[in-house]
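Q: One structure is given below, represented as structure tokens, and several questions about it will come after.
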Amino acid sequence: MGTDSSAAGELLARASTLHLQTGNLLNWGRLRKKCPSTHSEELRDCIQKTLNEWSSQISPDLAREFPDVLECTVSHAVEKINPDEREEMKVSAKLFIVGSNSSSSTRNAVDMACSVLGVAQLDSVIIASPPIEDGVNLSLKHLQPYWEELENLVQSKKIVAIGTSDLDKTQLEQLYQWAQVKPNSNQVNLASCCVMPPDLTAFAKQFDIQLLTHNDPKELLSEASFQEALQESIPDIQAQEWVPLWLLRYSVIVKSRGIIKSKGYILQAKRRGS
């Protein structure tokens, strides 16, 4: 792995942006860890294996070009949706804002997901609560810039429906009253409440908001865990220079049968100061 790693290290030292995509994890075969115990463990494993595969296949041309934006992927796992089958599929995504305070991350993530999957629009996008400082309660103002960008994407027909995650009744009501495009779903983490809160249930029922459950941790990907995965895969780089901006997890489900046809992760990271 020495020469692979050094070529990857040289490319990362000169690039400003890293786009990492796993392709369809169902196509990974031998790469797939049999039973990751948590979503965070699965994600970290995916990041490392994608980096390892990519660095083992760097072409001499790429190594000479030193592109500003590096596209890092598991090429054999990339799978676009057949246009003839698009109507039979539900394409859903959940977006995690990690190290970005820019609402343009939302558009970048959706555009990249559409490109990766070969579709014109996503059926549903749920946004995880954006990161806030410790001791600060999530308020409408934290959500507004991201939600406005999601609304723009609905209006431009890049997304059909948009939803939220981990909002309590007060937060959901505030968003609902302010938003032009209303949330059609809100995910609730059952680790934090075994039973849906009655006030949230009543509000969601009144305004036809679907309540869904999830078991994602509060922080699916931290800056530190991303840098550790990067350092382990490509030892001869300054991993602390790289900051993950956002992470998108997608799934493609066959509507009539409810089975997952494809799922994967897409991530964007930037080098500090670039």
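The values are calculated or read from the model by the stated rules, or taken from the named source; none is laboratory data. Keep in mind it's a predicted model, so treat the numbers as computed, not measured. Ideal geometry is used to build each Cβ from the backbone, glycine not excepted, and the neighbour counts take in all protein chains shown. Only protein heavy atoms, including side chains, enter the accessible area calculation; ligands, DNA and RNA are left aside. Shrake-Rupley method; radii C 1.70, N 1.55, O 1.52, S 1.80 Å.
Q: I need every pair where a residue in the range 194-205 that is within 16 Å of GLN177 (Cα to Cα) has its Cβ under 7 Å from the Cβ of a residue that is acidic (Asp, Glu) and surrounded by 14 or more Cβ atoms within 10 Å (Cβ to Cβ), sequence separation at least 6 or different chains.
A: Filtered contacts from the range 194-205: LEU200/ASP168; PHE203/GLU173.
Q: Turning to a different aspect of this structure: Please enumerate the residues belonging to the range 152-167 that are open to solvent by less than 10 Å² (accessible area, probe 1.4 Å) and over 22 Å from LEU200 (Cα atoms).
A: Answer for the range 152-167, where residues must be open to solvent by less than 10 Å² (accessible area, probe 1.4 Å) and over 22 Å from LEU200 (Cα atoms): LEU153, ILE159.
Q: Let me ask something else about it. Of the residues TRP54, TRP147, which is under 23 Å from ASN184 (Cβ atoms), of a type in the set (A, V, I, L, M, F, W, C) and either in contact with a helix residue (DSSP H, G or I) (Cβ under 6 Å, 6 or more places away or on another chain) or not in a loop (DSSP other than H, G, I, E, B) (or both)?
A: The unique qualifying residue is TRP147.
Q: Go through (1) open to solvent by 60 Å² or more (accessible area, probe 1.4 Å); (2) within 19 Å of MET112 (Cβ to Cβ); (3) modelled with pLDDT of 90 or more and name the single condition ASP84 misses.
A: (2)
Q: Could you please give the count of residues in the range 199-211 that are under 25 Å from the mean Cα position of the chain (by Cα) and open to solvent by 60 Å² or more (accessible area, probe 1.4 Å)?
A: Number satisfying all stated conditions: 1.
Q: While we're here: Restricting to the range 220-234, name every residue that is part of a loop (DSSP other than H, G, I, E, B) and farther than 13 Å from GLN48 by Cβ.
A: Within the range 220-234, LEU220, SER222 meet the criteria.
Q: Of all residues in the range 169-198, count the ones that are surrounded by fewer than 18 Cβ atoms within 10 Å (Cβ to Cβ), at pLDDT 95 or above and in a loop (DSSP other than H, G, I, E, B).
A: 4
Q: Examine the range 235-243 for a residue that is of a type outside the set (Phe, Trp, Tyr), assigned to a strand (DSSP E or B), under 30 Å from GLU53 (Cα atoms) and in contact (Cβ under 8 Å) with a residue 40 or more places away in the chain, and state whether such a residue exists.
A: Among the residues of the range 235-243, at least one is of a type outside the set (Phe, Trp, Tyr), assigned to a strand (DSSP E or B), under 30 Å from GLU53 (Cα atoms) and in contact (Cβ under 8 Å) with a residue 40 or more places away in the chain, which makes the answer yes.
Q: A further question on this structure: Has the range 102-113 got at least one residue that is in contact with a strand residue (DSSP E or B) (Cβ under 6 Å, 6 or more places away or on another chain) and not in a helix (DSSP H, G or I)?
A: Within the range 102-113 (the criterion being in contact with a strand residue (DSSP E or B) (Cβ under 6 Å, 6 or more places away or on another chain) and not in a helix (DSSP H, G or I)), the answer is no, since none of the residues qualifies.
Q: Being over 17 Å from HIS19 (Cα atoms) and touching a residue at least 40 places away in the same chain (Cβ under 8 Å) is true for just one of GLU88, GLU79, GLU71. Which residue is that?
A: Exactly one of GLU88, GLU79, GLU71 is over 17 Å from HIS19 (Cα atoms) and touching a residue at least 40 places away in the same chain (Cβ under 8 Å), namely GLU88.
Q: Next question, about the same structure. Specify which of the listed residues (GLU228, GLU223, GLU241) is open to solvent by 80 Å² or more (accessible area, probe 1.4 Å) and of a type in the set (Asp, Glu).
A: That would be GLU228, the only listed residue that is open to solvent by 80 Å² or more (accessible area, probe 1.4 Å) and of a type in the set (Asp, Glu).
Q: From the set of residues in the range 244-274 that are not polar (S, T, N, Q) and not in a strand (DSSP E or B), which is most open to solvent (accessible area, probe 1.4 Å)?
A: ARG257
Q: Can you spot a residue in the range 211-219 that is closer than 28 Å to GLU87 by Cα, assigned to a loop (DSSP other than H, G, I, E, B) and among the acidic types (Asp, Glu)?
A: Within the range 211-219 (the criterion being closer than 28 Å to GLU87 by Cα, assigned to a loop (DSSP other than H, G, I, E, B) and among the acidic types (Asp, Glu)), the answer is no, since none of the residues qualifies.
Q: Looking only at the range 113-139, count every residue that is surrounded by fewer than 16 Cβ atoms within 10 Å (Cβ to Cβ) and of a type in the set (A, V, I, L, M, F, W, C) and tell me the total.
A: Residues meeting the conditions: 4.
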